[in-house]
Every structure is written in structure tokens, then in C-alpha cells.
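Please read the structure below before turning to the comments.
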Amino acid sequence: MMGQRYKNDDVRAAIKNNLYLDGYSDHAPSEISNFIQPIVDVTPNNNRIVNIYKELDVTNTSGTIYTTPTDKDFYLTSCSLSFIKNAGNLSAKVYIAYISASPIYLNIISTLSGTADRANNTITFNTPLLLPRGAALSLASDDATASINISGLVFGYTVDTNIYDSGVTNKK
């Protein structure tokens with residue numbers, strides 16, 4: 001039985017760099033066997049180009065900023081959240097979350113002030129966060145009793161899922 005064959009140049013480059021292979025005398029393997037092998041982290045990192053930038057602004061409501069693709073992997077590199085509320089709100093919690101069986105909060109700002117207030121928060125993921133396929137990244141608020149304006153931004157990139165093949169070829 002053959003091992004996994006890597007078709008993606010980024011994976012080959014990560015193997016070469018992380019194993020400190022010399023480009024002249026050493027070669028990155030094109031196949032990993034089924035036997036026990038050393039583990040090398042080849043997770044996509046910040047050298048990928050961010051090609052997804054989505055923004056949503058809402059007033060007194062919630063909405064979907066972005067839904068991850070169902071045919072590609074989506075890596076979240078950063079998300080930003082801000083709000084402005086009037087004095088009628090005794091408290092407010094605004095957030096960006098991805099919705100699955102139960103929401104996973106990615107960015108939250110809470111305030112307990114009874115006065116007009118504003119805040120913002122940005123989170124950058126040094127190791128990009130792989131989100132489930134088809135997940136809705138939502139922007140919403142809880143506990144708000146009066147006017148509140150919320151803005152959310154998400155940054156990330158997609159990776160083609162055809163990174164690996166089984167090594168089997170159909171020869172006639």
C-alpha cells in the first residue's frame with residue numbers, strides 16, 4: 001500500500017524548511033510511508049495571502065458577516081469588533097461567533113456602563129484558526145436595551161482541498 005503523496009508546493013516547502021533540508025543535497029519527500037514517521041507541523045501559517053475580507057455593520061440587530069465555503073478550508077487570521085451605544089443601555093455584550101451546535105465566541109466586548117460608550121477589539125491568530133466548512137460567522141449583541149451600533153470584520157484565506165492524492169493512478 002502506498003503512502004500519501006503531496007501535490008501542494010506549500011506543503012513541500014514547509015517540509016523542507018521545518019526539517020532544515022539542504023536544497024542541493026537533500027530532497028523533500030514526495031511520499032510519506034504508512035510506517036511510523038517523525039511529525040512535522042505543516043499547518044498553513046501567516047505566509048498565506050489573506051484573500052477574504054468581510055465587514056458587516058448593524059444597528060440593534062444581528063447578522064452574518066461571512067459563511068465559510070463548503071468545498072474549501074477557511075482559515076481565520078484576524079477579527080475585529082467595535083460598538084457604540086447610547087446611555088439607555090445599562091449593559092451590553094457584543095460578539096463575533098461562529099454558529100455550530102453551540103456558538104463558539106471568537107471576539108467579545110462587554111460593558112456595564114450606564115452612560116454612552118464605545119469600544120473596539122481586534123484579535124489576530126498567530127496560527128490561523130481553521131473553521132468548520134459552512135460555518136456562519138455572525139455578529140450580534142446581547143443585553144442591549146437601547147440603541148447600539150456594531151461593526152465586525154473578519155480576515156482569512158481559503159485553501160484548496162485537493163492537497164493530497166492517494167498515489168493511485170488509473171493506467172490503461
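The values are calculated or read from the model by the stated rules, or taken from the named source; none is laboratory data. In this text, all values refer to a predicted model and were calculated from it rather than measured experimentally. Positions of Cβ are generated from backbone atoms using ideal geometry, with glycine treated the same way; all protein chains shown enter the neighbour counts.
Annotations
- Selected residue [at pLDDT below 80, surrounded by fewer than 16 Cβ atoms within 10 Å (Cβ to Cβ), under 26 Å from the mean Cα position of the chain (by Cα) and outside any strand (DSSP E or B)] from SER113, SER102: SER102
- So ASN126, is it at pLDDT 80 or above, in the same structural domain as ILE96 (by TED's automatic domain parsing) and surrounded by fewer than 12 Cβ atoms within 10 Å (Cβ to Cβ): yes
- Scanning segment 72-98 for residues that are exposed (fewer than 15 other Cβ atoms within 10 Å of the Cβ) and within 19 Å of VAL154 (Cα to Cα) turns up just one, LYS72.
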